[in-house]
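Undergrad: Sharing a structure with you now.
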Amino acid sequence: MIELKGVTRRFGDAVAVDNINLTIETGEVCVLVGSSGCGKSTTLRMINRLLPRTSGEILVDGEDINNADPEALRLNMGYAIQSTGLFPHWTVARNIGVVPDLLKWPARKRDERVSELLTLLGLDPATDAIKYPHQLSGGQAQRVGVARALAGDPNILLMDEPFGALDAITRENLQQEMLRIQRHLNKTTVFVTHDIDEALKLATRIAVMDQGRIIQHDTPEAILRRPASAFVENLIGKGDRGLKLLGLRTVGDVMARHLLPSQSEPLVEVLKETDSLRVALSIMVWQNSDELPVFSEAGEAVGKVTREQLLQGGA
Amino acid sequence: MPVSTKPPTRVLPALALAAFACVWLLDLGVVQPNRIVSGTGYGLYAATGWFGAVVVSFLLAVVIVLATRLTPKRFGALILLLTTALMAQPLLLEVFALRKLPEDSAYARIGIGAGFWCLAFFLALMLLETLGRYKASRRLQFSVVLLVVVSWWFCASREGLSSLSLIREYANRADQFSQALTTHLSLSLGAVAISAVLAFGLALAMVRRERLRRPLLGLVSFMQTIPSLALFGLLIAPLGALSAAYPFLQTLGIRGIGWAPAMLALIAYSLLPMVRNTYVALMEVPEPVVDAGRGMGMNERQIFFKVKLPLALPVIIEGVRITTIQAIGLTAVAALIGAGGFGTFIFQGLGQAAMDLVLLGALPTVFLALAADAILSALKFQRAPR
Ligand SMILES: Nc1ncnc2c1ncn2[C@@H]1O[C@H](COP(=O)(O)OP(=O)(O)OP(=O)(O)O)[C@@H](O)[C@H]1O
Ligand SMILES: [Mg+2]
């Protein structure tokens, strides 16, 4: 659990973070979202003491972080940096292995971990591991940055716009991957982004920031349904917040399940139970149908969903 | 290696033409009746007869033709041709000695003319240009240089060139020569090593304490502005006084003249490039990278040794390179205060108006500087992140 109590950070006269209170439960993904310069990175960097705070308290598991040894604190907090900050004189493998090395893991365990992470993030352990950072594309570098943050198996993850430089498809894949990792590992995560869709997708709770203050801290659904101010309303976009709401829930939550899954003909455009209601609605509109069969990841027909169920689920 | 044809180079033909002009207009060699009297010069044709003249002219013509269209094959041919030409160049002098040296006079000797030096210079430039365009590997470049050096060494030790003035000067001073080599190397490299340690400490202090930056940089820059001769001279008085006051210093060889003041002055000169490069290198390590190191949980010591130092090393080595070349040159001047080294020959030669004795001091100095340059450049290149 991470608690920020009345935390303020000034740079000279300018206030970058203004008296914020924020509690992040263990295993939760808290997404800080807001426009550029609102103090997201500053908040993140105060949590691992890369920046000292001007006033207030930051507690991790009830202990003030200022009482801890800063290096030990950071070794237990994976940190993915906005500008990636890979070590230019080290190969990808050595970059990823830096925290295991600092933790003095045996070489074999470290190497296994490195290739596991490379695979997980869609990089090739054979060819990409021996590259130097300047030989990577921006997106690959960011993935290495994320892998490096995960490598030491930390309890806490601090991620500063880790998917910022990626194309939509890779970004989507990595977000899925991140959700999957999160379901397994349940790391306490603070994730910074300025993309509200990414925030809605990944967050257990979202903290909307503006000019160094937290405007609203709530679940994605509550943020969509009850935006606390015009600023938040603008951020989520008035026009399609209904659709965004549909995007929060999966088809599996609302469909009528068959008693027994059955093998069936693969259709052109299939709806999976992990797809969001938003995707289901889109397919329905496109195919002009009231009812759609739902398939599992394995390709079995597991249920069906009607337009009424969809709309009730979203409401 | 390049597969396609490169655009024709104008540099190679221009260099070849310049070499052609020099070798025909300037004297290839000189016959001197003894070591002091300036002798009579001979041009290429007069010195080596029509055979030498044709070979040299033909070679330069071939270079021009090959350079008009550079296919990979022609690159190979050019490198081979130029290397062989450079390796065989001393033979021109041998032919010259055979034809023109009067046999009856024991003091007569052969001097090297400007035409010979120009030819060697332009051949070397063409070879470097070709190797550069060919993107030759370090190993090939190194082998070529080694071949040429060994070949010149071999030619110099042959009977045919024993009448060469330079070699006679050497033969008269073979012991002094190796002594000079040892002194020269230990003075310059010793000064570089000591100032490297000092500079590292100073640069670290400047990185740690911003306040020290201006005074320290000011001090080392000031030392650089004192003329070298003056600095050597200025050290004589205090060191002389010191050793007079504490006689045990004299047993260590510390006196007003000799190696001690030379060493001090060399260190003083070496500090500026070393301190400046080390400081700049350490300061210019990108902030996000240092930040990443800290964010990953490195302590300050680990950040320094694992991140900052390796990233700064190429620029630090560059500082060592500049300093070493400078120190090798300055050590020659230090001979004036009795420090020894190759400068001794230079100043003796100047005093006796024996130009070949000057060369005997100057050539090895240049060679040492070039060798240091090559070795440290290779080291820097190897350390730079690929
Ligand atoms: N080292 C610093 N010195 C002075 N001001 C700073 C410093 N770091 C940040 N600031 C200021 O603090 C404010 C918040 O910066 P911060 O980096 O936290 O923004 P951010 O929300 O992460 O923005 P972005 O989305 O662009 O990364 C900005 O106005 C910035 O100019
Ligand atoms: Mg930021």
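Undergrad: Just for segment A:47-60: of the residues that are within 14 Å of chain B (Cβ to nearest Cβ) and hydrophobic (A, V, I, L, M, F, W, C), which one is farthest from ligand 1 (Cβ to nearest atom)? Let's see the steps before the verdict.
TA: Quick first cut of segment A:47-60, residues within 14 Å of chain B (Cβ to nearest Cβ) only: A:47-52.
Going one step further and asking which of them are hydrophobic (A, V, I, L, M, F, W, C), we end up with A:47, A:50-51.
On the way: A:Ile47: 12, A:Leu50: 10, A:Leu51: 8 Å.
In this case the residue turns out to be A:Ile47.
Undergrad: A further question on this structure: Being within 16 Å of ligand 1 (Cβ to nearest atom) and within 12 Å of another protein chain (Cβ to nearest Cβ): is that true of A:Leu44 here?
TA: Working: within 16 Å of ligand 1 (Cβ to nearest atom): yes; within 12 Å of another protein chain (Cβ to nearest Cβ): yes.
Criteria met by A:Leu44.
Undergrad: Output yes when any residue across segment B:311-326 is farther than 30 Å from B:Glu210 by Cβ, part of a helix (DSSP H, G or I) and not small (Gly, Ala, Ser), and no when none is. Break it down stepwise before answering.
TA: Narrowing segment B:311-326 to residues farther than 30 Å from B:Glu210 by Cβ: B:325.
Narrowing further to those that are part of a helix (DSSP H, G or I): B:325.
Those still in the list that are not small (Gly, Ala, Ser) too: B:325.
Within segment B:311-326 (the criterion being farther than 30 Å from B:Glu210 by Cβ, part of a helix (DSSP H, G or I) and not small (Gly, Ala, Ser)), the answer is yes, since at least one residue qualifies.
Undergrad: For segment A:29-85, name all the residues that are under 19 Å from A:Gln211 (Cα atoms) and touching a Pro at 6+ places or on another chain (Cβ under 8 Å).
TA: If the condition is that a residue be under 19 Å from A:Gln211 (Cα atoms) and touching a Pro at 6+ places or on another chain (Cβ under 8 Å), then A:Met46 is the only one that fits.
Undergrad: Out of curiosity, is A:Leu271 touching a Gly at 6+ places or on another chain (Cβ under 8 Å) and crowded, with 18+ Cβ neighbours inside 10 Å?
TA: Details: touching a Gly at 6+ places or on another chain (Cβ under 8 Å): no; crowded, with 18+ Cβ neighbours inside 10 Å: yes.
For A:Leu271, the condition - touching a Gly at 6+ places or on another chain (Cβ under 8 Å) and crowded, with 18+ Cβ neighbours inside 10 Å - is not met.
Undergrad: Would you mind finding the one in A:Gly34, A:Gly27, A:Gly39 that is of a type outside the set (A, V, I, L, M), under 17 Å from the mean Cα position of the chain (by Cα) and within 16 Å of ligand 2 (Cβ to nearest atom)?
TA: Values: A:Gly27 fails: within 16 Å of ligand 2 (Cβ to nearest atom); A:Gly39 fails: under 17 Å from the mean Cα position of the chain (by Cα).
Criteria check complete, one pass: A:Gly34.
Undergrad: Can you pull out the residues in segment A:68-101 that are surrounded by 24 or more Cβ atoms within 10 Å (Cβ to Cβ), within 15 Å of A:Ala151 (Cα to Cα) and either touching a His at 6+ places or on another chain (Cβ under 7 Å) or of a type in the set (Gly, Ala, Ser) (or both)?
TA: Passing the criteria: A:Gly78, A:Ala80, A:Gly97.
Undergrad: Can you name the residue in segment A:45-82 that is among the aliphatic types (A, V, I, L, M) and within 16 Å of ligand 2 (Cβ to nearest atom) and, of all such residues, is nearest to the chain's Cα centre (by Cα)?
TA: A:Ala80
Undergrad: Also: Going by the conditions given, is A:Asp240 among the acidic types (Asp, Glu) and either over 30 Å from A:Ala301 (Cα atoms) or within 16 Å of ligand 1 (Cβ to nearest atom) (or both)?
TA: Values: among the acidic types (Asp, Glu): yes; either over 30 Å from A:Ala301 (Cα atoms) or within 16 Å of ligand 1 (Cβ to nearest atom) (or both): yes.
Judged against the criteria, A:Asp240 is a match.
Undergrad: Scan segment B:109-140 residue by residue and report those that are surrounded by fewer than 18 Cβ atoms within 10 Å (Cβ to Cβ) and more than 24 Å from B:Thr68 (Cβ to Cβ).
TA: The answer is B:Ala114, B:Trp117, B:Ser137, B:Arg138, B:Arg139.
Undergrad: Could you give every pair whose Cβ atoms fall below 8 Å, whose first residue belongs to segment B:199-226 and is basic (Lys, Arg), and whose second residue is at pLDDT 85 or above, counting only separations of at least 6 or pairs across chains?
TA: Going by the 8 Å Cβ cut-off, the qualifying pairs are B:Arg213/B:Met206; B:Arg213/B:Tyr279.
Undergrad: Under the condition of being of a type in the set (D, E, K, R) and within 14 Å of chain A (Cβ to nearest Cβ), which residue from segment B:302-350 is surrounded by the fewest Cβ atoms within 10 Å (Cβ to Cβ)?
TA: Residues of segment B:302-350 that are of a type in the set (D, E, K, R), as a first pass: B:306, B:308, B:318, B:321.
Checking the rest, the ones that are also within 14 Å of chain A (Cβ to nearest Cβ) come to B:306, B:308.
Numbers: B:Lys306: 18, B:Lys308: 21.
Only one residue tops the list, namely B:Lys306.
Undergrad: Out of the residues in segment A:116-175 that are among the charged types (D, E, K, R) and within 16 Å of ligand 2 (Cβ to nearest atom), state the one that is surrounded by the fewest Cβ atoms within 10 Å (Cβ to Cβ). Steps first, answer last, please.
TA: First, the residues of segment A:116-175 that are among the charged types (D, E, K, R): A:116, A:124, A:128, A:131, A:143, A:148, A:153, A:160-161, A:167, A:171-172.
Among the residues that remain, those that are also within 16 Å of ligand 2 (Cβ to nearest atom) are: A:160-161.
On the way: A:Asp160: 25, A:Glu161: 20.
If we take residues in segment A:116-175 being among the charged types (D, E, K, R) and within 16 Å of ligand 2 (Cβ to nearest atom), then A:Glu161 is surrounded by the fewest Cβ atoms within 10 Å (Cβ to Cβ).
Undergrad: Could you tell me whether segment A:1-19 includes any residue that is closer than 28 Å to B:Asn299 by Cβ, touching a helix residue (DSSP H, G or I) at 6+ places or on another chain (Cβ under 7 Å), touching a residue at least 40 places away in the same chain (Cβ under 8 Å) and more than 15 Å from ligand 1 (Cβ to nearest atom)?
TA: Yes, because at least one residue in segment A:1-19 is closer than 28 Å to B:Asn299 by Cβ, touching a helix residue (DSSP H, G or I) at 6+ places or on another chain (Cβ under 7 Å), touching a residue at least 40 places away in the same chain (Cβ under 8 Å) and more than 15 Å from ligand 1 (Cβ to nearest atom).
Undergrad: Just for helices (runs of 4 or more DSSP H) wholly inside segment B:226-301: which have at least 1 residues that are aromatic (Phe, Trp, Tyr) and either in contact with a strand residue (DSSP E or B) (Cβ under 8 Å, 6 or more places away or on another chain) or more than 14 Å from chain A (Cβ to nearest Cβ) (or both)? Walk me through it before giving the result.
TA: On the way: elements: B:228-245, B:247-251, B:259-283, B:287-296.
Fully inside segment B:226-301 and qualifying: B:228-245, B:247-251, B:259-283.
Undergrad: Now for a different question. Suppose we keep only residues that are within 24 Å of A:His184 (Cβ to Cβ) and of a type in the set (Val, Ile, Thr) within segment A:24-41. Which one would you say is farthest from ligand 1 (Cβ to nearest atom)?
TA: Pass one, segment A:24-41, residues within 24 Å of A:His184 (Cβ to Cβ): A:24-32.
After this cut, where a residue has to be of a type in the set (Val, Ile, Thr) as well, the list is A:24, A:26, A:29, A:31.
Details: A:Ile24: 17, A:Thr26: 25, A:Val29: 18, A:Val31: 13 Å.
If we take residues in segment A:24-41 being within 24 Å of A:His184 (Cβ to Cβ) and of a type in the set (Val, Ile, Thr), then A:Thr26 is farthest from ligand 1 (Cβ to nearest atom).
Undergrad: Helices (runs of 4 or more DSSP H) wholly in segment A:61-174 with at least 1 residues that are within 28 Å of A:Ile47 (Cα to Cα), more than 9 Å from chain B (Cβ to nearest Cβ) and more than 16 Å from ligand 1 (Cβ to nearest atom) - which ones? Write out each step before concluding.
TA: On the way: elements: A:70-75, A:92-96, A:98-102, A:107-120, A:138-151.
Helices (runs of 4 or more DSSP H) meeting the threshold: A:92-96, A:98-102, A:107-120, A:138-151.
Undergrad: Exactly one of these conditions fails for A:Asp195: (1) of a type outside the set (Ser, Thr, Tyr); (2) under 18 Å from A:Ala149 (Cβ atoms); (3) within 16 Å of ligand 2 (Cβ to nearest atom). Give me its number.
TA: So the condition that A:Asp195 fails would be (2).
Undergrad: Condition check: in contact (Cβ under 8 Å) with a residue 60 or more places away in the chain, among the β-branched types (Val, Ile, Thr) and farther than 23 Å from A:Ile283 by Cβ. Does A:Thr170 satisfy that?
TA: Values: in contact (Cβ under 8 Å) with a residue 60 or more places away in the chain: no; among the β-branched types (Val, Ile, Thr): yes; farther than 23 Å from A:Ile283 by Cβ: yes.
Considered against the rule, which asks whether it is in contact (Cβ under 8 Å) with a residue 60 or more places away in the chain, among the β-branched types (Val, Ile, Thr) and farther than 23 Å from A:Ile283 by Cβ, A:Thr170 comes out as no.
Undergrad: Being within 16 Å of ligand 2 (Cβ to nearest atom), of a type in the set (Lys, Arg) and away from chain B (no Cβ under 14 Å) is the requirement here; does A:Arg9 meet it?
TA: On the way: within 16 Å of ligand 2 (Cβ to nearest atom): yes; of a type in the set (Lys, Arg): yes; away from chain B (no Cβ under 14 Å): yes.
Yes: the conditions hold for A:Arg9.
Undergrad: Among B:Gly201, B:Gly190, which is the only one that is surrounded by 14 or more Cβ atoms within 10 Å (Cβ to Cβ) and either under 26 Å from B:Tyr107 (Cα atoms) or at pLDDT 90 or above (or both)?
TA: On the way: B:Gly201 fails: surrounded by 14 or more Cβ atoms within 10 Å (Cβ to Cβ).
Answer to the check: B:Gly190.
The values are calculated or read from the model by the stated rules, or taken from the named source; none is laboratory data. Note that the structure is a prediction, hence the values are computed from the model and not measured. Quick reminder, even Gly has a Cβ in these numbers, built from the backbone with ideal geometry, and neighbours come from all protein chains shown.
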